[in-house]
Amino acid sequence: MNQKKGLLPIICLLIFSLVLSVWVIKNVPIESSFAEREKQAAIDALKLDTFDMEAILAEGKPVLLNVSSNTCPYCEMMEEELEEIYNEFGDAALICDVNMDEQPGVTMQIPVRGVPMQVFYYADGTPYEPSEAVAKQINLMRYVLKDTDTHVMTVHEGMMSVAQMRLVLEELGAKK
């Protein structure tokens, strides 16, 4: 009888340890691999903490601005393409992502009809004007002011491939 009483605390301790182990596995993040941390760092480098279109255009570099949203699965898929293009062009262009959920001021400065959406400017801050060859390959839209017919921005709505982004950046004058 005494042996049964001695087993009860041990069984309770084992059950508690098992429950605690399951909770830790489900709730404590496992340290990611070095490659995953590097990839996340590259993606984080693309993200803008604050959005100021004037400051972006004042950088003096060709601009590829991707507008995304937390609720958009395509925006998440675009992260890898943006990361690849960012790694390819480095400092030759300003390649960044602005999340309109985290930066609501974006929609005050850019007319966002859908996400993902890419906005392009030359290094001097003027809107990108695609060549005929690029315009045939990529569906780009020109935004113009109604009153003056002044071209204010060129955008692409939807996902873009790395090849398409590369084509536009090279035409913008970005050198690898």
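Every read-out reported here was derived from the displayed coordinates using simple, explicitly stated rules and does not represent laboratory data. Owing to the predicted nature of the structure, the values given are computational and were not obtained by experimental measurement. FYI the Cβ positions are ideal-geometry reconstructions off the backbone, even for glycines, and counts take in every protein chain you see.
Sort Phe16, Phe89 so that the residue with the fewest other Cβ atoms within 10 Å of its own Cβ comes first and the one with the most comes last.
With the sparsest Cβ surroundings first, the list reads Phe16, Phe89.
Fewest first, what order do His151, His156 take by the number of other Cβ atoms within 10 Å?
His151, His156
Neighbouring Cβ atoms within 10 Å as the yardstick, rank Met165, Met159, Met117 fewest first.
Met159, Met117, Met165
Loop-only check: which GluC sites (Glu not before Pro) in region 63-121 are DSSP coil with at most 16 other Cβ within 10 angstrom?
The qualifying sites are Glu102.
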